[in-house]
Structure formats: C-alpha cells, structure tokens
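Input: a single structure, listed below in structure tokens.
The values are calculated or read from the model by the stated rules, or taken from the named source; none is laboratory data. Predicted model only: the values in this text are computed from it and were never measured. Neighbour counts are summed over all protein chains in view; Cβ atoms, including those assigned to glycine, are modelled from backbone coordinates with ideal geometry. For the accessible areas, the whole protein counts, side chains as well, though only heavy atoms, and no ligand, DNA or RNA atoms are used. Shrake-Rupley method; radii C 1.70, N 1.55, O 1.52, S 1.80 Å.
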Amino acid sequence: MKNMLLLLAGVLLFTASYAQKGNVVKAESLLNKGDVAGAKAEIDVAVTIEKNASKSKTFLTKGKIYKAIATSEDPAVSGLMDTNKAIAEASEALKKAMTMESEGSVNYNFAEYEVEDFWSKFLNTGGEVYGEEDYNGAYENFYKASLIKPTDSLTLFYAGVAAQQAEMTDEAMKMYYKLIDQGDANEDIYSTMVYLERSEKKNDAKALALLEKAKVAFPDNADFMREEINILIAMKKGPEAIEKLKGAIEKEPDNASLYLNLAVLYDNLSVQTEADGNAAETQDLIAKAQTNYEKALAIEPGNYVGNFNLGVIWVNRAKVYYDKARAMDLKTYQKEGGKLVEEGDKVLTKSLPYLEAAHVAEPEDCSVMGPLMSVYTQLKKNAKAEEIADAQDAAGCN
C-alpha cells in the first residue's frame with residue numbers, strides 16, 4: 001500500500017510539473033506582464049504539444065511573443081535570440097495562424113493586424129532614419145521589414161535605394177534582382193542594375209541579360225536597345241551589334257544617334273579589316289559608314305561627330321592619291337604626279353563642308369582644327385588656313 005501511495009504521489013508530481021510548461025494562456029499572460037523570457041519558454045514548449053499545434057491561438061501567441069523580442073529596445077529581451085531570426089519566426093507563426101483560420105475570423109484578423117503592425121514598425125523607422133541620412137540604419141530596418149513581407153515591392157525598393165545610398169552595392173543588387181525576378185521592377189531599376197553590373201561588377205554579359213529582360217518588360221523603351229548596342233560594341237561583337245542597330249533603326253527611322261552608332265561601328269570594323277590586309281572588305285565597310293553618316297546628318301545637319309568623321313573619310317580617300325604621288329620617282333612624278341595631286345584635291349574638297357561644320361559645332365576643338373588647317377593649306381586657301389592657325393593659338397592647341 002505504501003509503495004502504491006509513493007507511485008501515486010510521483011504521478012501527481014509529474015502531472016503538476018508538466019502543467020507548468022506549454023500553456024498557451026499562461027504564455028500570453030506572461031507576455032502581457034512583460035515577462036517576455038518566461039513567455040518564450042512557455043510557448044516554445046506549447047507549440048510542441050499536439051493539441052496546441054492544431055490551434056491558431058498557439059501560433060498567434062508565438063508570433064506576438066517573438067515580435068516582442070524582435071522589436072524590444074531592452075537588451076535583456078532583444079538578447080534572447082538573434083533579431084532577424086526572431087523576425088522570421090514571428091512572421092512565420094503569424095502567417096501560419098492566418099492559414100489555419102478563414103479570412104475575416106477573429107484570430108485571422110488579429111494575426112493580420114500583428115503582421116501589418118510588425119512590418120510597418122520597421123518600414124516607418126527605416127523612413128525616419130533615411131530622412132536623417134543614416135542610410136545604413138535605413139537599410140537595416142527596410143531589410144527587417146522585407147523579412148516580414150519578402151515579396152512586397154515597396155519594401156524591396158526602399159531597401160535597395162537605402163543600400164545604394166550607403167554604398168552597399170551587393171545588398172542593393174539583391175533587392176533589385178528580387179524585384180526583377182518577381183516582375184515588379186520599373187525602367188529605372190533595370191537601368192540602375194545595368195549600370196551596376198557594368199561599372200561596379202564589370203560584367204557586361206550580365207548587363208546584356210538584364211537588357212534582354214528589360215526589352216521584354218518595356219518594349220517601347222528605345223534606351224534599352226541603344227544600351228544593348230553600346231555593350232555589344234564594347235564587347236567587340238560587331239556583327240551582332242549591327243543587327244541590333246538595324247532593328248533599332250526600323251523602330252526609330254528618324255533617330256540620328258542610331259545612324260551615327262551604326263556608322264561608327266562600320267568605321268571601327270574597317271580599321272580592323274585594314275589591319276588584317278582585307279582591302280575590299282575595308283572599302284565596303286567605309287562605304288557603309290559613309291552612307292549612315294549621311295543619313296544621320298540628313299536628320300541632324302549640325303552633328304559634330306557625323307560631320308567630323310565624314311570629313312575624315314574624304315580626307316583619307318584623298319590621301320590615297322597623294323601617297324601614290326609621293327611614292328613616284330622624280331621622272332614619273334613630273335609626268336603623272338600632277339594629275340594625281342589634282343585628283344586628290346578634288347576628293348579633298350569634298351571634306352571641307354563637313355570639317356567646317358564640325359568646327360562650327362565645336363569651335364575650340366583642337367582635333368578638328370588640325371585636319372581643317374591641313375586641308376586649307378593643301379587647297380591653297382591660305383587666308384582660311386591663317387584663321388584656323390589663329391584659332392588654334394587662342395585655344396592653346398599648339
């Protein structure tokens with residue numbers, strides 16, 4: 001009988017001890033009294049008990065307790081666990097409570113309120129410190145808000161901007177990439193990401209991949225096409241860039257910049273083919289460059305680049321005649337050289353309108369004054385040559 005009484009006492013003690021932990025009501029009561037550590041210890045056991053794990057109240061209470069840890073300014077409370085982990089667990093618990101209830105029910109509404117209040121605390125604090133130009137602090141708070149609402153476009157955008165202002169490039173790019181991946185990025189975000197990939201990460205391939213997405217998302221934005229072409233040119237993907245430019249011109253046939261880009265591309269490719277000794281292809285590329293410079297100038301007659309480069313094309317064509325003449329021996333030159341020089345002068349004359357227009361567009365540019373004075377001198381336009389010489393002196397070109 002004595003043994004039976006001892007056994008019964010043990011059972012009662014066990015039951016009493018067990019009842020002290022895992023009580024959801026007690027956890028909430030402790031939270032309301034400010035004993036967050038006690039509330040956490042109580043709820044951590046409660047969620048492991050099967051009968052509690054099937055009730056939304058359990059997870060609503062856990063969410064509130066972990067939210068208190070994440071938002072507390074008391075080191076004794078905030079030090080109970082890592083803040084970001086507390087945010088993640090609180091958010092997960094509150095959202096679980098919502099999934100266990102029908103929308104509009106009491107506990108659903110309570111849990112929804114807690115989520116919104118939780119999120120807005122970090123978002124508002126982030127906005128306040130951003131206004132004080134504490135960009136690191138702003139990012140930290142916006143990032144915490146993103147743990148609660150991982151797909152909220154406003155939160156991700158604010159976090160990205162704050163990180164960028166704080167020169168936290170990697171963090172900014174993570175936020176912007178999330179916006180892109182979920183289809184919430186605007187044109188400015190795409191442009192910023194292309195810039196960051198190119199200037200900060202030196203990764204033109206990723207920049208191109210971003211531009212492909214940007215063109216799909218914003219098909220009417222011609223800037224993305226132009227930027228893609230610039231990158232292709234920088235990557236020395238000439239043929240691909242040519243096709244892209246032609247496609248862009250079809251969409252914007254009155255855009256002088258596109259014709260200029262195509263002309264410059266042909267021009268640059270001709271330099272390479274000339275170095276490779278392919279004379280026929282070189283001349284073909286130069287002819288295509290000339291055609292596109294002319295198209296650009298038909299739209300924008302005063303364009304400096306178009307006029308200068310087209311003038312240089314004619315100068316180089318005239319040079320062929322002068323070089324042949326200079327290569328002759330004296331006897332041959334006396335017989336045929338004069339005619340070659342005369343033909344060269346005729347060709348050189350065609351460069352003047354373009355070089356003069358370039359000089360008008362950029363009157364202090366030394367790079368155009370040198371060739372222009374040489375042309376005037378060759379064509380015996382001495383007064384004009386002297387004017388350019390004076391302009392060179394004034395501009396400090398010599």
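Applying the selection to the stretch 26-57, what residues are under 44 Å from the mean Cα position of the chain (by Cα) and either outside any helix (DSSP H, G or I) or of a type in the set (S, T, N, Q) (or both)?
SER56
Looking at the structure I just gave you, is LEU210 open to solvent by less than 10 Å² (accessible area, probe 1.4 Å) and either modelled with pLDDT under 95 or more than 20 Å from ILE87 (Cα to Cα) (or both)?
Yes, satisfied.
How many residues does the stretch 179-205 hold that are open to solvent by 60 Å² or more (accessible area, probe 1.4 Å), at negative phi and part of a loop (DSSP other than H, G, I, E, B)?
Residues that pass the stated criteria total 4.
Please find, among TYR176, TYR158, TYR139, the residue that is in contact with a Leu (Cβ under 9 Å, 6 or more places away or on another chain), open to solvent by less than 70 Å² (accessible area, probe 1.4 Å) and assigned to a helix (DSSP H, G or I).
After ruling out the rest, the residue left standing is TYR176.
Hey, could you check the stretch 213-235 for residues that are of a type in the set (Gly, Ala, Ser) and either modelled with pLDDT under 85 or not in a helix (DSSP H, G or I) (or both) and say which is most open to solvent (accessible area, probe 1.4 Å)?
Selected residue: ALA234.
If you take the residues in the stretch 1-25 that are buried (at least 17 other Cβ atoms within 10 Å of the Cβ) and not in a helix (DSSP H, G or I), which one is modelled with the lowest pLDDT?
Here the answer is GLY22.
Give me the residue from the stretch 350-373 that is of a type outside the set (D, E, K, R) and part of a loop (DSSP other than H, G, I, E, B) and, out of that set, nearest to the chain's Cα centre (by Cα).
Result: PRO363.
Could you tell me whether any residue of the stretch 94-110 is on the phi > 0 side of the Ramachandran plot, open to solvent by 20 Å² or more (accessible area, probe 1.4 Å) and at pLDDT below 95?
yes
Restricting to the stretch 57-102, count the residues that are touching a Phe, Trp or Tyr at 6+ places or on another chain (Cβ under 8 Å) and more than 20 Å from ALA145 (Cα to Cα).
So the count comes out to 3.
Restricting to the stretch 270-297, name every residue that is at pLDDT below 90 and farther than 14 Å from ILE313 by Cβ.
Within the stretch 270-297, GLN272, THR273, ALA275, ASP276 meet the criteria.
Could you say whether any residue in the stretch 160-169 is within 9 Å of the chain's Cα centre (by Cα) and either modelled with pLDDT of 95 or more or not polar (S, T, N, Q) (or both)?
No, there is no match, as no residue in the stretch 160-169 is within 9 Å of the chain's Cα centre (by Cα) and either modelled with pLDDT of 95 or more or not polar (S, T, N, Q) (or both).
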